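Take a look at the structure below.
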Amino acid sequence: MSQFFFTLTNPESEPLLKKELSIGYPNFKLSYSRPGFLTFKGPDGGTFAPWMCRLSGTCLGKKTVEELNSLPKAWLWKRLESFNPPPELVFLSDKSLFKIGEKVTLIMMVGENEYWLGEYIQKKTHFQTPGEVSSIEKKEVPSRAYYKIAEAFESFDLPMEANEKVLELGSAPGGASMFLLDQDLKVFGVDPAEMDKGVLSHFNFKHIKKPFETLNVGNFAEDIDWIISDVNLPPSVVIQEVDRFLSFLEPRGVVLTLKLHQDRYLRMLKPIVESYKQKGFTQVELKYLPSYRQEICLIALK
């Protein structure tokens, strides 16, 4: 017996998603797909939770509007914002609420007059939005890193407290730093490049204008509570440098955006997760965030 599964992802990550399935789900075969929406046929009852997608679940097939109107509650996701679904489906979605642990019914509008139905379990780390799209308000920020750390903060409910000290590796131009400062955190931004003027002038920001590879225990007179990085380097390099900092710092949390520009980096993810568990972090998770491209978020908390 077999069944079908769906994934919602950002188009930039589709090649990585397909590669991930070829590695971790060799019995799953690509079925129908459109940009950002891919379905797979796999063994019945099999576990299906790939990393390189915003959302995954069981696919219940293509449906008519008449069939969807009979649903007691459901969320509606549109593949393109330009699509115009019937008002009754919009109303159904707007009035529907799903609790953590509850099975979500998701209407996926893949094309004009083309609807697919899926189901998944609402997790604590899911956004309360149809299709797991970002709920972060758009604003003028120095870089996309602002949205990535904001989404990680919301999704994982990161227990960051006011006045805690954050070491951000590769902080320029300051997107993530801006968000962290907005949370009343003290940020040590390490980067030889220039920072956004607004971030640079903030009383809780200190710019360490040098490569983070050159820092050592002598550079830190204060304890560090968090290590953050969204630096554009291979995961092996980032993990090696963070491990070096962990040899003389004792943060209670690490939040890393790992760049996955090559297929081979996918194979590093499980060993990285295990290595952080062995370091004494009690919660270690990976998640593909709404603003991501070919990258993934690693959080490790004590």
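For every residue, the table says whether it meets (1) surrounded by 19 or more Cβ atoms within 10 Å (Cβ to Cβ); (2) over 18 Å from the mean Cα position of the chain (by Cα).
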site: 154; (1), (2): no, no
site: 169; (1), (2): yes, yes
site: 172; (1), (2): yes, yes
site: 184; (1), (2): no, yes
site: 196; (1), (2): yes, yes
site: 203; (1), (2): no, yes
site: 211; (1), (2): no, yes
site: 216; (1), (2): no, yes
site: 227; (1), (2): yes, no
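Quick check: anything in segment 93-104 part of a helix (DSSP H, G or I), farther than 23 Å from residue 269 by Cα and of a type in the set (Val, Ile, Thr)?
As a first pass, look at segment 93-104 and keep what is part of a helix (DSSP H, G or I): 93-95.
Checking which are farther than 23 Å from residue 269 by Cα leaves us with 93-95.
Imposing the further condition that a residue be of a type in the set (Val, Ile, Thr) reduces the set to none.
No; the residues of segment 93-104 include none that is part of a helix (DSSP H, G or I), farther than 23 Å from residue 269 by Cα and of a type in the set (Val, Ile, Thr).
Within segment 25-57, which residues are of a type outside the set (Phe, Trp, Tyr), over 21 Å from residue 148 (Cα atoms) and buried (at least 17 other Cβ atoms within 10 Å of the Cβ)?
Once the filter is applied, which keeps residues that are of a type outside the set (Phe, Trp, Tyr), over 21 Å from residue 148 (Cα atoms) and buried (at least 17 other Cβ atoms within 10 Å of the Cβ), segment 25-57 yields 38, 39, 42, 57.
Take the residues in segment 241-288 that are under 17 Å from the mean Cα position of the chain (by Cα) and basic (Lys, Arg); name whichever of them is farthest from residue 125 (Cα to Cα).
259
Would you mind finding the one in 132, 164 that is touching a residue at least 12 places away in the same chain (Cβ under 8 Å) and over 30 Å from residue 99 (Cα atoms)?
Numbers: 132 fails: over 30 Å from residue 99 (Cα atoms).
Within the list 132, 164, the selection yields 164.
Being surrounded by 15 or more Cβ atoms within 10 Å (Cβ to Cβ) and either polar (S, T, N, Q) or at pLDDT below 95 (or both) is the filter here, so list the residues in segment 104-121 that pass it.
Selection gives 105 alone.
Residue by residue through segment 269-296, note down the ones that are out of contact with any Cys (no Cβ under 7 Å at 6 or more places or on another chain), among the basic types (Lys, Arg) and touching a residue at least 40 places away in the same chain (Cβ under 8 Å).
293
The values are calculated or read from the model by the stated rules, or taken from the named source; none is laboratory data. A quick note: this is a predicted structure, and the numbers were derived from the prediction, not measured. Cβ: placed from backbone, ideal geometry, glycine included. Neighbour counts: every protein chain shown.
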